[in-house]
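In what follows, a single structure is set out as structure tokens and then discussed.
The values are calculated or read from the model by the stated rules, or taken from the named source; none is laboratory data. All values reported here derive from a predicted model rather than from experimental measurement. We place every Cβ from the backbone using ideal geometry, glycine too, and count neighbours over all the protein chains shown. For the accessible areas, the whole protein counts, side chains as well, though only heavy atoms, and no ligand, DNA or RNA atoms are used. Shrake-Rupley method; radii C 1.70, N 1.55, O 1.52, S 1.80 Å.
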Amino acid sequence: MVGIATKGQLRMSFLRWALVLVPLIVLIGSLAGALSGSGDTSWYAALEKPSFQPPPYLFGIVWPILYALMAFALVNVIQARGSRWRGIAIGLFVAQLLVNLLWSPIFFGMHQVSFAFFWILLMIGLAVATTVVFARVRRVAAWLMLPYLAWISFAAVLNFEIDRLNPDAETLVVGATSTQI
């Protein structure tokens, strides 16, 4: 054998990276959503939504799966030590993940629906660039990113439609009603 590590050592290295990064990225993504007030807040519940809006529980199922797939894609890229594109791929992944994590606070926390739409377009651009560079490093990593690309593209359409249906979303104030006796 001429290589630096055996196949068994490489498998164990992959496993160690996966055991750290998959739960970490899923946890960070879940915390970002939870801390931003995502979900059915009174503000969000008051918005008019398009007919193709998925049920709220679906988001809680889809996002952890997507974060896990993204993490496995990253682990594949990290394991490609000989690739000259590896550093760029990891940098793009981190950039798109940071943009992803900031979308929920922009949309749900700050109620900036219009700005969130342009932010998600930035997210899509970075995710496409990440996927393209991942493909240069390891094809399987690019394939693992495709469900994420499909979902955030759908989310962009959903964001656009919510913005179109609610031109006053940024200024909508949902308060408790009171009556005088």
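Could you identify which residue out of Leu35, Leu144, Leu74 has the top mean-square fluctuation in a GNM of the chain using Cα springs shorter than 10 Å?
Leu35
Could you list the residues of segment 67-82 with an amide nitrogen less than 20 Å from a label point located 7 Å from the Cα of Trp151 in the Cα-to-C-beta direction?
67-77
Using +1 at the Cβ of each Lys and Arg and -1 at the Cβ of each Asp and Glu in the chain, identify which of Met110, Met12, Leu74 lies farthest towards the dipole's positive end.
Value: Met12.
Quick one: go through segment 132-146 and flag any residue whose amide nitrogen is under 18 Å from the point 7 Å out along the Cα-to-Cβ line of Ile65.
Backbone N within reach: 143-146.
Express the carbon and sulfur contribution to the solvent-accessible surface of segment 28-100 as a percent, rounded to the nearest whole number, probe 1.4 angstrom.
Percent of accessible area from carbon and sulfur atoms in segment 28-100: 69.
Figure the gain on full extension for Ala135 and Val173 (residue separation times 0.36 nm, minus the Cα-Cα span) and round it to one decimal in nm.
Here the segment from Ala135 to Val173 would lengthen by 9.2 nm.
About its Cα centre, what dipole magnitude does the chain give when the only charges are +1 on Lys and Arg Cβ and -1 on Asp and Glu Cβ, stated in debye to the nearest 20?
Here the chain has a charge dipole of around 1380 debye.
Assuming R0 = 25 Å, can you tell me the calculated FRET efficiency for the pair Tyr57 and Leu24, based on Cβ-Cβ distance, to the nearest 0.05?
FRET efficiency, Tyr57 to Leu24: 0.55.
How much area per residue is accessible in the chain when the probe is 1.4 Å and only protein heavy atoms are counted (Å²)?
Result: 56 Å² per residue.
Among Phe108, Phe59, Phe93, determine the one that fluctuates most according to a GNM of the chain built with springs between C-alpha atoms less than 10 Å apart.
Largest GNM mean-square fluctuation: Phe59.
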